[in-house]
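S.K.: Here you go, one structure.
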Amino acid sequence: MVRKVQWRQSKRPDMMLSHHVEPGHRQQLRGLVMARMTLMTTGDKFNRLTVIEFSHQDKFGFPHWRFQCDCGKECVKSGSLVRRSLTKSCGCLQVESGRTNGPFRRKGAETKIGDKCGRWTVVEFKGRVGARYFWLLKCDCGTERVCRADTIRSGKSVSCGCSQIDSATTHGMHGTSTYKSWRAMIDRCENPNATCYWRYGGKGIKVCERWHSFENFLADMNVKPSPKHSIDRFPNQGGGYEPGNCRWATSKEQARNKKSNVLVELNGRMVSAAEAAEITGIRYAKVLQMAKAKQCIRH
């Protein structure tokens, strides 16, 4: 006795599943598959997808086709989903319309490059891992970071972390080059665990009480001119860090303000031998000889 092919209609339209198939009825199934395949021909266009060629059929017998998207990308999609407009593109349409669970997706709104959420600004969609979507965002402070869409959408992340720091300070300069220089000055003079404490705090060099407040330090010293500048104790190199005895100086200026420098008199004032050689044009070795002989240089 030959068992008949039994079919049942699935929840998805135009999908039928086979329960029992005898070897003699394989040709009947092959005919059904070919009938489904003939519903598309090369050159047909469905939304953004244009049919190129037949690709393969899955384990249920449903055909998959190779398509050319309007964006230029080729992809393989289920013919059934494409015919019923459940798949309209290679995925580019989702990115453009914001339906990829973008960080700022809300009802009636679309995610676009340039959108803001807190201090974040959308730069680029990076892709997805499983059901999670990732975007490249740029903070107002300049920091760029790849963030998960759900953390932005829920409001758990509104910045790279600078907003929490700014809310805890009154000057808003935390993390700047000026603030780091002030913090390093305090550490090397007040913190015994600091690397250079033995050269500063260990030798009795202190920071005045007024400069323990960054606001007061900023009012007296102003903002650091450039990243090449640092705090230099001048004119009293052996004194402490206090108003009137500090300046912003380059590494070259600081090198000429060391205790180990050889000093020579130039036009009535004491300068380092290197500075005197640069100003007068005299060879450095000759300037050292004049300094040893305690000769005054005129220029």
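S.K.: Amide H to amide H under 5 Å from GLY127: which residues, 5+ apart in sequence or cross-chain, H placed 1.01 Å off N in plane?
M.R.: Those lying under 5 Å, H to H, from GLY127 are PHE134.
S.K.: Would you mind ranking HIS229, HIS212 so that the residue whose beta carbon has the fewest other beta carbons within 10 Å leads the list?
M.R.: Lowest count first: HIS212, HIS229.
S.K.: Okay, next question. Please give the net charge around CYS196, taking every other residue with its beta carbon less than 11 angstrom from that of CYS196, where Lys and Arg add +1 and Asp and Glu add -1.
M.R.: Charge balance near CYS196 sits at +2.
S.K.: Further, regarding this structure: Applying the Karplus parametrisation 6.51 cos²θ - 1.76 cosθ + 1.60 with θ = phi - 60° to the phi angles of segment 229-244, what ³J(HN,Hα) value in whole Hz is obtained for each residue in order, glycine and proline being reported as x?
M.R.: 8, 8, 6, 10, 7, 8, x, 8, 5, x, x, x, 8, 7, x, x
S.K.: Could you estimate the translational diffusion coefficient of segment 208-277 from the Stokes-Einstein equation, with Rh from the Kirkwood formula over C-alpha pairs, at 10 °C and 1.306 mPa s, in whole µm²/s?
M.R.: On the way: Rh = 13.4 Å.
For the chosen part, D equals 118 µm²/s.
S.K.: If you don't mind, there's one more thing I want to ask. Under a 5 Å amide H to amide H cut-off, with H placed in plane at 1.01 Å, what residues pair with SER55 once short-range neighbours are removed?
M.R.: Under 5 Å from the amide H of SER55 lie the amide H atoms of HIS64, TRP65, ARG66, each far enough along the sequence or on another chain.
S.K.: Give the order of ILE297, ILE113 when sorted by the count of other beta carbons within 10 angstrom, beginning with the fewest.
M.R.: Fewest-to-most ranking of ILE297, ILE113: ILE113, ILE297.
S.K.: Report relative contact order for segment 177-255 in percent, whole number only (criteria: Cα-Cα under 8 Å, sequence separation at least 6). The partial results should precede the final answer.
M.R.: Numbers: 92 pairs, mean separation 19.8, N = 79.
Worked out over segment 177-255, it gives 25 percent.
S.K.: Setting aside same-chain residues fewer than 8 positions from LYS286, which lysines have a Cα under 18 Å from its Cα?
M.R.: Reachable lysines: LYS294.
Only the coordinates and a few stated rules stand behind these numbers; no lab work does. In this text the structure is predicted, and so the values were computed from the model without any measurement. Note that we place each Cβ from the backbone using ideal geometry, even for glycine, and neighbour counts take in every protein chain shown.
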